[in-house]
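The values are calculated or read from the model by the stated rules, or taken from the named source; none is laboratory data. Note that the structure is a prediction, hence the values are computed from the model and not measured. Backbone-built Cβ (ideal geometry, glycine too); neighbour counts: all protein chains shown.
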Amino acid sequence: MLRKTIYSMPIIILTIGAASAQTAERDLQDLKSGQNSWRTQLEKKNDRDIDRDYQSSFKKIPDTKQKNSDPWGDARSAPPAAGTEQLRIVSGEKTVSCNADEVLVRVICSEGSPEGAGCSAGSPTGLCRHK
């Protein structure tokens, strides 16, 4: 019986210690979060004034327009507007050709691989773009 009492005493002591540590921790959390009842009215008023001044300082900052974030925007030419680039599909027997004011962009063969403006086998289809 004495042995059970001796073994149970550390368990009881640890339980009491854990319970008292939780209440002390709660008090510390109250202090950290500002729920301290020990603060004077003057300190609370000072905190409110500081918060109000901090918030009003944001209103004094002028709103700047969002500038284009592309540093190379001035050096680069403007991209073509949508729909302004005119593409034309051409087809032929052995080769394809474009008009004088166009450039042959791509050749696709129905069979085999393209060779210049024509195909080794099959009929070529080409894509012409306006210069």
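Do we have Asp30 as modelled with pLDDT of 90 or more and surrounded by 10 or more Cβ atoms within 10 Å (Cβ to Cβ) here?
Working: modelled with pLDDT of 90 or more: no; surrounded by 10 or more Cβ atoms within 10 Å (Cβ to Cβ): yes.
In short, no.
Would you check if there is a residue in segment 84-91 being within 15 Å of His130 (Cα to Cα) and either of a type in the set (Gly, Ala, Ser) or at pLDDT below 65 (or both)?
Filtering segment 84-91 down to residues within 15 Å of His130 (Cα to Cα) leaves 84-90.
Retained after the next criterion (residues that are either of a type in the set (Gly, Ala, Ser) or at pLDDT below 65 (or both)): 84.
Within segment 84-91 (the criterion being within 15 Å of His130 (Cα to Cα) and either of a type in the set (Gly, Ala, Ser) or at pLDDT below 65 (or both)), the answer is yes, since at least one residue qualifies.
The number of residues in segment 82-131 that are in contact (Cβ under 8 Å) with a residue 24 or more places away in the chain and surrounded by 14 or more Cβ atoms within 10 Å (Cβ to Cβ) comes to 16.
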